[in-house]
Amino acid sequence: MSEEYTYDLVVVGGGPAGSSAAFAAAKKGIKVALIEKENSIAETVRTSGVTWIQNIKEFGIPDDCFNPIKNFSFCSPNNEVTISDVIPRAAVLDVRKTYRWLANEAEKAGANIFVKTNIKNIIKNENGDIVGVKGIGANGEIIFHSKVVIDATGFPSTICKAMGFAPQWERFGAGAEYEMKGENIDSETWWLMVGQQYSPAGYAWIFPLGDNIVRIGVGVGKPESNVDPTQRLKEIIEKKLGPIKKLGELKEIEFHYGLIPNDGLSRKTVFNNMILVGDSAGQANPLVLEGIRYAIKFGRVAGKVSAEAIKSGNTDEKSLYPYEENWRKEIESKINSAGKVQDRWIGLSDEEWDRELDIIKELKPEEFIDFIKADFGLSNMIKLATHHPKLAVRQLFNLVKGKK
Ligand SMILES: Cc1cc2nc3c(=O)[nH]c(=O)nc-3n(C[C@H](O)[C@H](O)[C@H](O)COP(=O)(O)OP(=O)(O)OC[C@H]3O[C@@H](n4cnc5c(N)ncnc54)[C@H](O)[C@@H]3O)c2cc1C
C-alpha cells in the first residue's frame, strides 16, 4: 500500500528556495508540503555559503547563522589586492544552521515537512498538466496530489525534466571544498584566487567561518575546462599555494561538492500548475556563481504567487506569471550584464589576470561590492563608465553596459 496525501501546494526540494517558498505559501493559509529526499534538511552541504549582510537582514536570518566579512582579497599569480571596508557587508553562512532555520520558519508557518522522501515522478491530468508527484518515502511508495507543484530540486531540476520542459544544463560550474580547521585564520577576510594554477576556468577561494575554521575550495567552469575540481583542490592545499600557506597547519572537518547551472536565464519558469525556482530556474549571479539570496528571495515570491493563484481557483500559467515577471524585472538585465564580465574573465591568461587585479584595485569598497554582486543599476553603471577617474575602470563598466 502506498501512502497518499492531498495538499494545495507541494514544494519539492528542501534547500533555500524550497523552504522559502513553503514559508511564504503557508503564511497565506494554504496547505503546504515541503519534500526533501535526504534524512534531514541540509544533511549534505553543496555550497560555500557566501552572501550579503543586507540580504541576511532583509530575510530575518539570525545573527548566529553567519560570520561577517569586511576585507576582500584577491590574488593572481603575480598580483594581490585587498579592498578593506569600514563595516562588514559580506558574510559566510553556517549553511546547516541557516537552511534549517529557513525550513523551521516554513514549519512554524504551518507547512508539513517530509524528509527521506525522494520524488522520482510526476502525476498529470488529462490535459498533460501536473497535478501531483510521487516517489519513495520512509515507508515505501508515496503520492502527493496538489494544485501547484514548485520544483526547487536545484541543479537536477527533477520535476521540470520529468515534465519534459527543459534538457540538462549545458554550461555549469563544478565546485569542491574542504571545511578545515587552521592555525592562523583572519576571520574578517576572504580570498578569491585566480589564474591557471588555481582554476583554468573559474576561481579558488578561502572563506572564513570564525573560530579558526575556513572553507577552501575550487570551482571549474564546464564544459570550458575538464579539470576535476576535487583533484585540483587537493593539489593546491598540498602545495600550500598563495594565501593557503598563511593558514598554517590545516585539518579536514568536512568535504563538500556541488554543481551549479551557468546557462543564464535560459528557462521558462512558469507552466500550468507549476513553478521553477532557485537553481532549477538557473537563478544565480554568474560572476561568482552565487544563488542563495536569489533562491530565498524568489522562493518567497513563488510561494506567495502560488498561494494567491490557489486561493483564486485558477493556477494556470497566466495566473502564476506574476512570479516570472517579478524575478525577471529584478535580475534579468543584471545577470545578462554579469554574463558579459564572466565571458571576459573565463578567457583570461595569468598575465591578463595580473592586469585585471590592477583594475579591481581602483574600486572603492562599495563599487567593488556592487560589481561582485552584479548589482548593475543603470544609473550607477553610467556614472562609473563615464566619470570614474581611471580609464581601465571606465572600460570595464562600459563592457557591463554593453559597449566594447
Ligand atoms: C561548490 C558551490 C559553491 C557555491 N557557493 C555559493 C556561495 O558561496 N554563495 C551563494 O550564494 N551560492 C553559492 N552556490 C550556489 C548555491 O548553492 C545555490 O544557488 C543554491 O543552493 C540554490 O538553492 P536551491 O534551493 O535552488 O537548491 P539546492 O540548495 O540544491 O537545494 C535543493 C534541495 O532539493 C533536494 N532534492 C533534490 N532532488 C530531490 C528530489 N527528487 N526529491 C526530494 N528532494 C530533492 C536536495 O536534496 C536539496 O536539499 C554554490 C554552489 C556550488 C555548487
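Figures for the structure shown
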item: Residues that are aromatic (Phe, Trp, Tyr) and either more than 11 Å from the ligand (Cβ to nearest atom) or more than 19 Å from the chain's Cα centre (by Cα) (or both), drawn from segment 168-183; result: Trp169, Tyr178
item: Subset tally (residues that are surrounded by fewer than 21 Cβ atoms within 10 Å (Cβ to Cβ) and within 7 Å of the ligand (Cβ to nearest atom)) for segment 156-166; result: 1
item: Sole exception among (1) touching a helix residue (DSSP H, G or I) at 6+ places or on another chain (Cβ under 9 Å); (2) in contact (Cβ under 8 Å) with a residue 40 or more places away in the chain; (3) under 17 Å from Val50 (Cβ atoms); (4) outside the structural domain of Phe165 (by TED's automatic domain parsing) for Gly278, by number; result: (4)
item: From Phe114, Phe74, residue being away from the ligand (no atom under 14 Å from the Cβ), in contact (Cβ under 8 Å) with a residue 60 or more places away in the chain and buried (at least 20 other Cβ atoms within 10 Å of the Cβ); result: Phe74
item: Set Leu259, Leu265, Leu289: member being more than 11 Å from the ligand (Cβ to nearest atom), hydrophobic (A, V, I, L, M, F, W, C) and within 24 Å of Arg344 (Cα to Cα); result: Leu265
item: Residues of segment 269-288 satisfying the condition of being buried (at least 24 other Cβ atoms within 10 Å of the Cβ) and more than 24 Å from Asp316 (Cβ to Cβ); result: Asp279, Ala284, Pro286
item: Failed criterion for Glu43 (all others in (1) in contact (Cβ under 8 Å) with a residue 12 or more places away in the chain; (2) surrounded by fewer than 22 Cβ atoms within 10 Å (Cβ to Cβ); (3) within 15 Å of the ligand (Cβ to nearest atom) hold); result: (1)
item: Cβ-Cβ under 6 Å pairs, at least 6 apart or on other chains, segment 249-262 side closer than 26 Å to Tyr294 by Cβ and in contact (Cβ under 8 Å) with a residue 12 or more places away in the chain, far side acidic (Asp, Glu) and more than 8 Å from the ligand (Cβ to nearest atom); result: Glu254/Glu179
item: Condition met for Ile142 (touching a residue at least 12 places away in the same chain (Cβ under 8 Å) and under 22 Å from Arg215 (Cα atoms)); result: no
item: Count of segment 329-339 residues which are of a type in the set (D, E, K, R) and crowded, with 16+ Cβ neighbours inside 10 Å; result: 1
item: Residue in segment 335-348 that is β-branched (Val, Ile, Thr), in contact with a strand residue (DSSP E or B) (Cβ under 8 Å, 6 or more places away or on another chain), within 28 Å of Ile56 (Cβ to Cβ) and touching a residue at least 40 places away in the same chain (Cβ under 8 Å) present; result: yes
item: Val133, sole failed condition from (1) outside any helix (DSSP H, G or I); (2) over 19 Å from Thr315 (Cβ atoms); (3) within 14 Å of the ligand (Cβ to nearest atom); result: (2)
item: Where Asn55 falls short, out of the listed (1) within 13 Å of the ligand (Cβ to nearest atom); (2) free of Cβ contacts under 8 Å to residues at least 60 places away in the same chain; (3) not in a loop (DSSP other than H, G, I, E, B); result: (2)
item: Qualifying positions in segment 290-309 - surrounded by fewer than 24 Cβ atoms within 10 Å (Cβ to Cβ) and either under 10 Å from the mean Cα position of the chain (by Cα) or among the β-branched types (Val, Ile, Thr) (or both); result: Glu290, Arg293, Val301
item: Every residue from segment 58-87 that is under 27 Å from Glu254 (Cα atoms), among the charged types (D, E, K, R) and not in a helix (DSSP H, G or I); result: Lys70
item: The one condition in (1) more than 22 Å from Glu290 (Cα to Cα); (2) assigned by TED's automatic domain parsing to the domain that holds Ala295 that Asn79 fails to fulfil; result: (2)
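Yes or no, residue by residue, for (1) more than 30 Å from Ile275 (Cα to Cα); (2) crowded, with 21+ Cβ neighbours inside 10 Å:
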residue	(1), (2)
Gln168	no, no
Glu177	yes, yes
Asn184	yes, no
Ser187	yes, no
Trp190	yes, yes
Ser199	yes, yes
Trp205	yes, yes
Asn212	yes, no
Arg215	yes, yes
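The values are calculated or read from the model by the stated rules, or taken from the named source; none is laboratory data. Keep in mind that what you see is a predicted model, and the values were worked out from it rather than measured. Because the Cβ atoms are built from the backbone with ideal geometry, glycine has one as well, and the counts that use them run over all protein chains shown.
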